[in-house]
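Worksheet: one structure, shown below.
Just so you know, all these numbers are worked out from the coordinates, no wet-lab data involved. Note that the structure is a prediction, hence the values are computed from the model and not measured. Cβ placement follows ideal geometry from the backbone for every residue including glycine, while neighbour counts extend to all protein chains displayed.
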Amino acid sequence: MSRTDDIIAALVAAHRSGSRVLETGAVLSRAQIMSIQSGVSAALGPVAGFKVGADPDGGPPVIAPIQARYQERDGGVRQTTDPVGIELEIGFTLTRALPTASLPDRVQDYFRPCIVLELVGSRMTGENAARPDLKFADFQINAGMVNGPCVMHWDGADFGTLPARLASETQVVLDRPATVPGGSALANLALLVAHLGDYCGGLHVGQTVITGSLCGLPWFGPEAVVTGWIKGFGAVSINLKTANAASETG
């Protein structure tokens, strides 16, 4: 087996068992990273959406699938033994198949904006868990998402800076106007559409694209109810509950 195959097998096992991967080899190329993501995603089943982030150096964006097995309902429970990273984001749910591999002029005819909590957690262990290439290969450390209310009567206007809040009962991490990474949610959506193609099955009706954190990456321990709010969207929440390791696997 190649190193890429070995990492795929290790990550699939980590997703299924809750184990951790210790990877200490040379830096992975983008081609290797995308092959790893694709292989792991195929083994884990349906994709609920994608996350995207612009490359600050102008290269291809960071893209990662969000596995449907990790999607939680608004107000639902995520069982965990570890702290969970939670990012407040603007998402776009596809409501109609796109005609081309570019963002349509009337984006409102194809997407509906919604408030989303991205759940974050690494399958890696050791100091290399912070390595950019390994994080990228590990679905950019995505661990699921929670879709909240959508804006039902959207005119296609962009979202840049909006009043927002993210907090638990004991910890407020955001309570002020916050800006989408890069300043434009639609620009980030356009990056995903332009670069995704048929990667991990492509983008399909019902899937959601998330466009970057409004609040950085705060971490919350078990036994916390975390609620996000964005003006014009409403609120979305997740209940973190302590679980034993066996209950986290699927």
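For 145, 152, 124, 34, the sequence from fewest to most other C-beta atoms within 10 Å is 152, 34, 124, 145. Between residue 16 and residue 198, the distance separating the two model label sites (each 7 Å from Cα on the Cα→Cβ line) works out to 2.6 nm.
What is the calculated FRET efficiency for residue 125 to residue 176, with r their C-beta to C-beta distance and R₀ = 41 Å, to the nearest 0.05?
On the way: r = 35 Å, r/R0 = 0.85.
Efficiency at R0 = 41 Å is approximately 0.70.
Reported to two decimal places, what Rg/Rh ratio describes the chain when computed on Cα atoms with Rh from the Kirkwood expression? Write down the numbers at each step before the final one.
On the way: Rg = 17.4 Å, Rh = 18.4 Å.
When Rh is taken as the Kirkwood radius, the ratio is 0.95.
Applying the Karplus relation 6.51 cos²θ - 1.76 cosθ + 1.60 with θ = phi - 60° to segment 14-27 yields 3J(HN,Hα) values of 5, 4, 7, 10, x, 6, 10, 9, 9, 10, 10, x, 5, 4 Hz, where x marks Gly and Pro. Karplus-based coupling profile of segment 180-195, in residue order and whole Hz: 4, x, x, x, 8, 5, 5, 5, 5, 4, 4, 4, 4, 4, 5, 10, with θ = phi - 60° in 6.51 cos²θ - 1.76 cosθ + 1.60 and x standing for Gly or Pro. Computed from the C-beta positions of residue 223 and residue 68 and an R0 of 25 Å, the FRET efficiency is 0.45 to the nearest 0.05. Amide H contacts of residue 148: 115, 116, 117, each under 5 Å away and 5 or more positions distant or on a separate chain (H built 1.01 Å from N in the peptide plane; Pro and chain starts excluded). For segment 205-217, backbone phi angles converted through the Karplus equation (6.51, -1.76, 1.60; θ = phi - 60°) give residue-by-residue couplings of 4, x, 7, 10, 9, 9, 10, x, 6, 8, 9, x, 10 Hz, Gly and Pro being listed as x.
When the chain is modelled as a GNM with alpha-carbon springs shorter than 10 Å, which of 76, 121, 59 fluctuates the most? Looking only at 76, 121, 59, the largest GNM fluctuation is found for 59. Amide H contacts for residue 243 (H built 1.01 Å from N in the peptide plane; partners 5 or more residues away or on another chain; cut-off under 5 Å): 80, 81. For segment 155-250, the set of trypsin sites (Lys or Arg not before Pro) satisfying both a DSSP loop assignment and a count of at most 14 other C-beta atoms within 10 Å is given as 231. Charge dipole (Cα centre; +1 on Lys/Arg Cβ, -1 on Asp/Glu Cβ; no other charges) of the chain amounts to roughly 280 debye.
Within 10 Å of each residue's Cβ, count the other Cβ atoms and sort 15, 204 from fewest upward. Numbers along the way, then the final one.
Working: 15 22, 204 12.
Going from least to most buried by this count: 204, 15.
By the rule of a second cysteine Cβ within less than 4.7 angstrom, the chain holds isolated cysteines at 200, 215.
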